[in-house]
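To start, the structure itself, in structure tokens.
The values are calculated or read from the model by the stated rules, or taken from the named source; none is laboratory data. Because the structure is predicted, anything quoted here is derived from the model rather than measured. All Cβ positions, even for glycine, are placed from backbone atoms using ideal geometry, and neighbour counts span all protein chains on display. Side chains are part of the model used for accessible areas, which takes the heavy atoms of the whole protein and leaves out ligands, DNA and RNA. Shrake-Rupley method; radii C 1.70, N 1.55, O 1.52, S 1.80 Å.
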Amino acid sequence: ADLERRTHALCDGLEAAARDAGVSLTTNRVGGMFGLFFSSEKVDTYAQAIACDTAAFNRFFHAMLVRGVYLAPSAFEAGFMSSAHGDAEIAHTLAAARDAFRITRG
């Protein structure tokens, strides 16, 4: 339950930071696994996934990497939370994301 709470906190925070930056982002999550999709629509199908803005994902991925946050390198890979990811790591990730989303806008 705690792992799922942290996954939701991360994903909800990323969606809010993207929205504040004017970036279309939706997330999918279950348990400790999550996916990031640069789209204004919820992604439920393969067709919706491949229609997402992979160039925006690439810009975001590299901007996060520079800020010390290591995400899965493909727009089609899942990310995973673990018990090592606490509130401090989530806060660091969200702070980095707020800055990175400015670059993602392109």
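The table below lists the values:
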| read-out | value |
| --- | --- |
| Distance histogram for segment 1-96 (every C-alpha pair counted, 10 angstrom bins, percent rounded to whole numbers) | 16, 53, 29, 2 |
| Backbone HN-Hα couplings from phi across segment 20-36 [Karplus 6.51/-1.76/1.60, Hz, Gly and Pro as x] | 4, 8, x, 10, 7, 9, 10, 10, 10, 8, 8, x, x, 9, 8, x, 10 |
| For the chain, accessible area per residue (1.4 Å probe, heavy atoms of protein chains only), Å² | 54 |
| In segment 10-56, trypsin sites (Lys or Arg not before Pro) in a DSSP loop with at most 15 other beta-carbon atoms within 10 Å | LYS42 |
| With at most 14 other Cβ atoms within 10 Å, longest stretch of the chain clear of loop GluC sites (Glu not before Pro) (DSSP) | 1-40 |
| Size of electric dipole in segment 11-54: Cβ of Lys, Arg +1 and of Asp, Glu -1, about Cα centre, debye, nearest 20 | 80 |
| 222 nm mean residue ellipticity, helices alone, for the chain (DSSP H n ≥ 4; -39,500 (n - 2.57); rounded to 500) | -17000 deg cm²/dmol |
| DSSP loop chymotrypsin sites (Phe, Trp or Tyr not before Pro) with at most 14 other Cβ within 10 Å: longest gap in the chain | 1-69 |
| Test item: Cα-centred dipole of the chain, Lys/Arg +1 and Asp/Glu -1 on Cβ, debye | 280 |
| FRET efficiency, 1/(1 + (r/R0)^6) with R0 22 Å, evaluated for ARG98 and ARG5 via beta carbons | 0.55 |
| Nitroxide proxy distance, nm - points 7 Å out along Cα→Cβ at GLU15 and GLU77 | 2.4 |
| Accessible surface of segment 1-63, 1.4 Å probe, proportion on carbon and sulfur as whole % | 55 |
